[in-house]
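Undergrad: Got a structure for you, written out below as structure tokens; questions coming shortly.
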Amino acid sequence: GQHPSGLSRGVKPVAEPLRILFVSPEAVPFAKTGGLADVSGALPEALRRLGADVRLVLPLYRMVRQAQIPMAALDLALRVPLGDTLLEARVFEASSAGGLPVYLVAREDLFDRPHLYGDGRQDYYDNLERFSFFAHAVLRLAEALEFQPHVVHGHDWQAGLIPALLRYPYRTSRWVGTAASVFTVHNLGYQGLFPASKLPLTGLTPPEVFHLEGMEYFGKISLLKSGIAYADAVTTVSPRYSREVQTPELGAGMDGILRRRRSALSGILNGVDYAVWDPMRDPHLASAYGPQDLSGKGRCKQDLLQRMGLDPSLLERPLVGMVTRLDVQKGLDLVLAVLERALDLDLGFVVLGSGDRAMEDALRAAAGRHPGRIALSLGFDDALAHRIMAGADIFLIPSRYEPCGLTQMYALRYGTVPVVRATGGLDDTVSAFDPATGEGNGFKFSPYTPEALFAALAQAITLFGDPAAWRRVMDNGMAADFGWARSAEQYLALYRALRPGG
Ligand code: ADP
Ligand code: GLC
């Protein structure tokens, strides 16, 4: 009814907070190989700020131990099924900067290894065992804590069994049996494929799950498909990617099941954690700067040139940066194809990357031919990633496909103008600069060809020669707000829609 005083209008009976079990194979600051870790570090915090009771669960890898984050052993030993055996798991609790409870599932023989999923040449041979164990451990943990989630939200193939486990063996569980499941696809390229003979290890029975509408994928088990097939809601990390994944071109063989599940499918754009990615308070930079005063950006550029052994005269010329996993996804073949011609545009290149050995070799050879003009750092280096973000003038992302992409959004905040291929989240976040209207925050190209990339880069270089126009495109980028609040609201709305009783 109507209240006479405006003050009490907001006072409705307070609903119980939404309880969310957030399950990810990586999250900053615990363990990271890519953007998923940035998302899983920030989104749960953003949800918590909106009033949800969120708990994050991750495996306790060696990388987590090495991060030396304070954590305490919980006084419980989980008994976790793996096929016919029960294995014990210990659990540690840490808390994030924002006070979010983070649970780390420990089992040394499975997770105390030099890498997360494999050594860069090969995946670990027992990844099915590792992540089946993890999926069961997550649900057993909720039971042991007597935490009754409204929603279990899993990310990528490593969490893909969870929706199927909730549908079948845990359906009658007092604590998790009523939970709805959300599954987020961060990248269709990683499908979690395993021989069908391993299915009994998961605790699921073949007739129930091993078929076209379940987790069968061309005769194998796909844990990614399991998540897609069984979750109550499936999301991708940008709206455009949610449409692309339904096409044969970008569906990676999953487009059929994704089309059949389209009423449960939606795209929610990732956000940026501006506590970590903001040049006004970035501890890695030689100088802070922001839209009001860009002089610090010049100092960052000078510092970067010096650290990377680049020609000091590049201070006045455009410097193109890349920070990327070296994977076919990321379009390095286009870059290698235009590199020599691009150098004729009188620019410098700085590349930080790690991954595929053949790509590393090709980049090393190119850099070797152009000392002072091309600088290369191979490896994973968070501090350098921040320094390139700040010190470069142009940030290049020529991806073959890109589910969302975070670095273009970081680049925008750092006043580093993105040149991107118009695909997935890159297309959703970068708008082409139009000199006539002064609108737009970057440059885009569509065909996956060296010519198209070259044309977009050349356009950017030309604009760079016009300081006022360049300042305009930088300002447009720095003014954009891709903070998590909006996306977190969209996830909450999705969770609420799934919650029994609304
Ligand atoms: P993806 O997850 O496909 O790799 P994103 O753009 O979503 O792409 O996220 C990449 C994240 O990983 C960013 O935080 C980026 O800075 C970081 N990153 C990628 N490669 C490296 C590297 N070699 N060293 C340090 N950070 C990297
Ligand atoms: C994946 C995608 C990337 C996305 C990230 C976080 O690694 O490749 O586009 O930004 O996940 O969602």
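The values are calculated or read from the model by the stated rules, or taken from the named source; none is laboratory data. Please read these numbers as outputs of a predicted model, since none were measured by experiment. Every residue, glycine as well, gets a Cβ built from its backbone with ideal geometry; the counts of neighbours run over all protein chains shown. These area figures cover heavy atoms from the full protein model, side chains too; ligands, DNA and RNA do not enter into them. Shrake-Rupley method; radii C 1.70, N 1.55, O 1.52, S 1.80 Å.
Undergrad: Considering only DSSP beta bridges whose two residues both sit in the stretch 68-190, what percent are antiparallel, to the nearest 5?
TA: Approximately 75 percent, going by the DSSP bridge assignments.
Undergrad: Sticking with this structure for a sec: Where in the stretch 232-246 does the label zone of residue 493 land, with the point 7 angstrom along Cα→C-beta and an amide N cut-off under 20 Å?
TA: 232-244
Undergrad: Rounded to the nearest whole Å², what accessible area per residue is found for the chain with the 1.4 Å probe?
TA: Spelled out: the 1.4 Å probe surface of the chain, per residue, equals 41 Å².
Undergrad: Would you mind calculating the gained length between residue 446 and residue 361 on full extension (0.36 nm times residue separation, minus the Cα-Cα distance), in nm to one decimal?
TA: Full-extension gain reported as 27.9 nm.
Undergrad: Next question, about the same structure. Using a 10 Å cut-off on Cβ atoms, rank the peptides 423-431, 63-71, 410-418 from the highest mean neighbour count down.
TA: Final packing ranking: 410-418, 423-431, 63-71.
Undergrad: What relative contact order, as a whole-number percentage, does the stretch 287-364 give when Cα pairs under 8 Å and 6 or more residues apart are counted?
TA: Relative contact order for the stretch 287-364 comes out at 29 percent.
Undergrad: Counting only DSSP beta bridges with both residues in the stretch 271-405, tell me the antiparallel percent, nearest 5.
TA: 5 percent
Undergrad: Residue by residue, what Karplus-based ³J(HN,Hα) values in Hz, rounded to whole numbers, does the stretch 119-136 have, using 6.51, -1.76 and 1.60 with θ = phi - 60° and x for Gly and Pro?
TA: Using θ = phi - 60°, the values come out as 9, x, 9, 9, 6, 4, 5, 10, 5, 5, 4, 4, 8, 6, 4, 4, 4, 5 Hz.
Undergrad: At 0.36 nm per residue, and after removing the present C-alpha to C-alpha distance, how many nm does the segment from residue 434 to residue 281 gain when stretched out fully?
TA: 52.0 nm
Undergrad: Would you work out what percent of the accessible area of the chain, with all protein chains in place, is carbon or sulfur (probe 1.4 Å)?
TA: Within the chain, the accessible surface is 52 percent carbon and sulfur.
Undergrad: Compute the helix-to-body angle for 35-49: its Cα long axis versus the longest principal axis of the chain, expressed 0 to 90° and rounded to tens.
TA: For 35-49 against the chain, the angle is about 60 degrees.
Undergrad: Peptides 480-490, 330-340: what's the order by average Cβ count within 10 Å, highest mean first?
TA: 330-340, 480-490
Undergrad: Follow-up question, since we're still on this one. With 26 Å as the limit, write out which pairs from 225/444; 32/220; 198/225; 301/444; 32/444 have Cα-Cα distances beyond it, or answer none.
TA: Violating the 26 Å limit, Cα to Cα: 225/444; 32/220; 32/444.
Undergrad: Is the stretch 227-377 rounded, prolate or oblate when judged by the Cα gyration tensor, a ≥ b ≥ c being the square roots of its eigenvalues, rounded requiring a/c under 1.5 and prolate requiring a/b larger than b/c?
TA: Because a/c hits 1.5 or more and a/b fails to exceed b/c, the stretch 227-377 counts as oblate.
Undergrad: Quick one: Cα centre-to-centre distance for the stretch 163-219 and the stretch 32-61, in angstrom?
TA: 22 Å
Undergrad: Let me ask another. Note down the relative contact order for the chain as a percent, whole number, built from C-alpha pairs under 8 angstrom at least six residues apart.
TA: Over the chain, the number comes to 12 percent.
Undergrad: Using the charge dipole of the chain (Lys, Arg: +1 at Cβ; Asp, Glu: -1 at Cβ; taken about the Cα centre), state which of 453, 376, 200 has its Cα farthest towards the positive end.
TA: Selected residue: 200.
Undergrad: Shifting gears a bit: Could you tell me the center-to-center distance, by alpha carbons, between the stretch 348-399 and the stretch 111-161 in angstrom?
TA: Using only Cα atoms, the two centres lie 32 Å from each other.
Undergrad: Once R0 is set to 41 Å, what does the formula 1/(1 + (r/R0)^6) return for the Cβ-Cβ distance between residue 306 and residue 72, expressed as a FRET efficiency to the nearest 0.05?
TA: Between residue 306 and residue 72 the formula returns 0.40.
Undergrad: Given a Förster distance of 30 angstrom, what is the FRET efficiency for residue 125 paired with residue 262, based on the Cβ-Cβ distance and rounded to 0.05?
TA: 0.25
Undergrad: How large is the charge dipole for the chain, taken about the Cα centre, if only the Cβ atoms of Lys, Arg (+1) and Asp, Glu (-1) carry charge, to the nearest 20 debye?
TA: So the magnitude is around 820 debye.
Undergrad: Restricting the count to DSSP beta bridges whose residues both fall in the chain, what percent are antiparallel, rounded to a multiple of 5?
TA: Here the antiparallel bridges make up roughly 30 percent for the chain.
Undergrad: Near residue 289, within a Cβ-to-Cβ distance under 15 Å, what is the net charge of the other residues, with Lys and Arg +1 and Asp and Glu -1?
TA: Spelling it out: positives minus negatives among the neighbours equals +1.
Undergrad: Next question. So for the stretch 58-189, averaging the separation of alpha carbon pairs under 8 Å that are six or more residues apart and normalising by length, what relative contact order in percent results?
TA: Here the relative contact order equals 21 percent.
Undergrad: Determine the calculated [θ] at 222 nm for the chain from helices alone, applying -39500 (n - 2.57) to every DSSP H run no shorter than 4 residues and normalising by the residue count; nearest 500 deg cm²/dmol.
TA: After summing the helix terms and dividing by residue count, I get -10500 deg cm²/dmol.
Undergrad: Given the peptides 251-261, 83-93, arrange them by the average over their residues of other C-beta atoms within 10 Å, most packed first.
TA: Taking the mean over residues of other Cβ atoms within 10 Å, the ranking is 251-261, 83-93.
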